[in-house]
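Asker: Let me begin by handing over the structure; questions about it come next.
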There are 2 protein chains.
Amino acid sequence: MSSRERRKDGGIPSGVVTRLPIYLRYLTELRDQGVGRVSSAQLGEALSFTAAQIRSDLSYFGSFGQQGYGYDVDELLMHISRILGLNRTYAMVLVGAGNLGKALASYENFRKRGFEIRAIFDVDEILVGNYHACCVIQPVEELDQYLKENPTDIGIIATPGHVSQDICDVLVANNVPCIWNFSPVHLQVPDEVIVEHIHLTDSLLRLSFRLNEQRHRD
Amino acid sequence: MSSRERRKDGGIPSGVVTRLPIYLRYLTELRDQGVGRVSSAQLGEALSFTAAQIRSDLSYFGSFGQQGYGYDVDELLMHISRILGLNRTYAMVLVGAGNLGKALASYENFRKRGFEIRAIFDVDEILVGNYHACCVIQPVEELDQYLKENPTDIGIIATPGHVSQDICDVLVANNVPCIWNFSPVHLQVPDEVIVEHIHLTDSLLRLSFRLNEQRHRD
DNA sequence: TAGATTGTTAATCGATTAACAATC
DNA sequence: TAGATTGTTAATCGATTAACAATC
């Protein structure tokens, strides 16, 4: 199947989407080291993937290499950047200005990539009115009105679990297409809404599971 | 294949390990709501999995249900807790006391589950000596000596990318079996070391990819 | 007992990999 | 040209699902 035909059926498999940012990161590293060219075998070696998988992943989007040569690092980097949508900016709102929310708002790398936190909301009256990183913290009751006036691509939920579904509903009702969820809750959203969960505790539990795994063996 | 036999071959598939914490979280919610019993069909409905997948996942570890009845919520919760290793505590060190590191150290839920940050390290002389949450922040040069004197289960890396491999090497050299990595780097570790990556930027890029996905379709 | 739901098997589906013709 | 490596096909592998006998 050619890449053109492949694109027609459903979406891109999630495994592919998971690996693209990994490729991007490593290619950026190579470029910063002044490496100009790389083969799928070399990429695979460095990232613990097979060469075939890397070529297969890239072929969903086009032909970026050259037989007998491999890939031009700068060129491939440019293609993957575009594929991931890095050729534009994204407007974000952050809900929840606790320790984690503040850490996210302070993280410069997001803005550098074009992901801009444009407003911060919290319930805590003590926090409201304070400047943090980019913005004044606003009362959460104003989230709905803000979203009506300001088109927003990504809503970041960094609230305690018991309010996150309510916040999510407000975001969805105002057509925010993407949710970045840091609360320990399985959010209910319509099919068309895109959600990425950062479940920190789940990740820790995967560590403790693997650490104790031998116990479950015979 | 019986669960007993299944356990003999390699490890548990990573998909199963990913879903166990999700089951745990939802079962906890049910228990807190006073729900005493649940079927695989109900679990699947709530979490968008098939009932068969849930039964298949659980069967890796034993038989926890009853035909015609389903699962006792408390009992299943107890089993999954043990499977995930929640019947003990874990000693952790945190390296990197920036915004994100501080947020992690302040997060009470980890400690409640038995994941205890026992020491914090940073390069920044201004931070060193300050108390944060549980512990005094120590100079990173003392990490090696600390690990030699204090058995540690999990090393948390919340440093800038350019030093994270060095920190990782110190952790590995001192037999820390698990790494929880928040830095935007693909760490090189021996096969037996267990690594969980929280790559925040990768997660954002998956959002922007999905948001722009239709552009790549015909 | 009749109804419900498990745990497991066998069938299906999808993802990964090996192989290779094409070609730089 | 000879050597290297792509993009793609076909084969393999593993994960998911549907179906059902067992049984509470």
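No value in this document is a laboratory result; all are computed from the given coordinates. Since the structure is predicted, the reported quantities are computational estimates derived from the model, not experimental observations. Methodologically, a virtual Cβ is constructed for each residue, glycine included, from the backbone with ideal geometry; neighbour enumeration extends over all protein chains shown.
Asker: Using Cα centres only, tell me the gap between region B:104-122 and region B:22-55 in whole Å.
Answerer: 28
Asker: Assuming a strict under-30 Å limit between Cα atoms, what lysine pair count do you get for the protein assembly as shown once near-sequence pairs (fewer than 8 apart, same chain) are dropped?
Answerer: Lysine pairs satisfying the spacing and distance rule in the protein assembly as shown number 9.
Asker: Let me ask something else about it. Using amide H atoms built in the peptide plane, which far-off residues or other-chain residues are under 5 Å from B:TYR90 H to H?
Answerer: Residues meeting the criterion, in which the H sits 1.01 Å from N, are B:PHE115, B:GLU116.
Asker: Summing -39500 (n - 2.57) over the DSSP H runs of n ≥ 4 in the protein assembly as shown and dividing by its residue number, what mean residue ellipticity at 222 nm do you reach, to the nearest 500 deg cm²/dmol?
Answerer: Calculated at 222 nm, the ellipticity per residue is -13000 deg cm²/dmol.
Asker: Taking the label point as lying 7 angstrom from Cα along the Cα-to-Cβ axis, what are the distances from B:PRO139 to the corresponding position in the remaining copies, in ascending order and in nanometres?
Answerer: Sorted ascending, the copy-to-copy spacings read 5.0 nm.
Asker: Could you work out which residue, out of B:GLN188, B:GLN33, B:GLN145, moves most in a Gaussian network model of chain B, that is, has the largest mean-square fluctuation with Cα springs under 10 Å?
Answerer: Fluctuation is largest for B:GLN33.
Asker: List A:VAL195, B:VAL185 from most exposed to least, where exposure is judged by having the fewest other Cβ atoms within 10 Å.
Answerer: Neighbour counts put them in this order, fewest first: A:VAL195, B:VAL185.
Asker: Taking the Cα centre of the protein assembly as shown as the origin, how large is its charge dipole in debye, to the nearest 20, when only Lys and Arg (+1) and Asp and Glu (-1) carry charge on their Cβ atoms?
Answerer: Computed about the Cα centre, the dipole is about 1160 debye.
Asker: Another question, if that's okay. Taking every residue in A:101-112, how many Cβ atoms of other protein chains lie within 10 Å of its Cβ, on average?
Answerer: Other-chain Cβ atoms within 10 Å of each residue's Cβ, averaged: 3.
Asker: Mind pulling the angle between the C-alpha long axis of helix A:200-211 and the longest principal axis of chain A? Nearest 10 degrees, somewhere in 0 to 90.
Answerer: 50
Asker: Under the Karplus relation 6.51 cos²θ - 1.76 cosθ + 1.60, θ = phi - 60°, what is the ordered set of whole-Hz ³J(HN,Hα) values for region A:161-176, x standing for Gly and Pro?
Answerer: x, 6, 10, 5, 5, 4, 4, 4, 4, 5, 4, 5, 4, 9, 6, 6
Asker: What residues qualify as long-range amide H neighbours of B:ARG37, i.e. H under 5 Å apart, gap of 5 or more or another chain, H built at 1.01 Å from N?
Answerer: Under 5 Å from the amide H of B:ARG37: B:VAL73.
Asker: Sorting B:ASP124, A:ASP153, B:ASP191 on the 10 Å Cβ count, fewest up front, what's the list?
Answerer: Result, fewest neighbours first: B:ASP191, B:ASP124, A:ASP153.
Asker: Which whole number gives the average, over all residues in B:152-165, of C-beta atoms from other chains lying within 10 Å of the residue C-beta?
Answerer: 1
Asker: Rounded, prolate or oblate: which fits region B:68-119 when a ≥ b ≥ c are the square roots of the eigenvalues of the alpha-carbon gyration tensor, with rounded for a/c under 1.5 and prolate only if a/b beats b/c?
Answerer: The shape class here is prolate.
Asker: Rounding to the nearest 10 and keeping the result within 0 to 90°, find how far the Cα-based axis of helix A:73-83 lies from the longest principal axis of chain A.
Answerer: The angle comes out at about 40 degrees.
Asker: Search the structure for amide H atoms under 5 Å from the amide H of B:ASN130, placed 1.01 Å from N in the peptide plane, and list their residues when 5 or more places away or on another chain.
Answerer: Close amide H contacts, sequence-distant or interchain: B:ILE137.
Asker: Given the rotation that superposes chain B on chain A, what residue of B brings its beta carbon nearest the axis, and what is the distance in Å?
Answerer: Nearest Cβ to that rotation axis, in whole Å: B:ALA103, 2.
Asker: Let me ask something additional. What cysteines in chain B have no other cysteine with a beta carbon less than 4.7 Å from their beta carbon?
Answerer: B:CYS168, B:CYS178
Asker: Apply the a/c threshold of 1.5 to the C-alpha gyration tensor of the protein assembly as shown and tell me whether it is rounded, prolate or oblate.
Answerer: rounded
Asker: Here's something else I'd like to know. Averaged over its residues, how many other protein chain Cβ atoms are within 10 Å of peptide A:191-202's Cβ atoms?
Answerer: 5
Asker: Tell me which of B:ALA46, B:GLY68, B:GLY15 sits at the most positive position along the dipole axis of region B:3-83, charges placed on C-beta atoms (Lys, Arg +1; Asp, Glu -1).
Answerer: Working it through, the farthest residue towards the positive pole turns out to be B:GLY15.
Asker: Relative contact order of chain A, please, whole-number percent, based on alpha carbon pairs below 8 angstrom and at least 6 residues apart.
Answerer: This gives 13 percent for chain A.
Asker: Based on the alpha-carbon set only, what is the convex hull volume of region B:83-218 divided per residue, in Å³?
Answerer: In region B:83-218, the Cα convex hull volume per residue is 152 Å³.
Asker: In debye, nearest 20, what is the charge dipole magnitude of chain A about its Cα centre with +1 on Lys and Arg Cβ and -1 on Asp and Glu Cβ, if you could check?
Answerer: Dipole about the Cα centre, nearest 20: 960 debye.
Asker: Provide an ascending nm list, one decimal, of label-point separations from A:TYR69 to the equivalent residue in each further copy; define each label point as 7 Å from Cα along Cα→Cβ.
Answerer: So the distances to the same position in the other copies read 6.9 nm.
Asker: List the distances, in nm and shortest first, from the label point of A:PHE49 to the matching label points in every other copy, placing each point 7 Å from Cα along the Cα-to-Cβ direction.
Answerer: So the label point of A:PHE49 gives 2.6 nm to the other copies.
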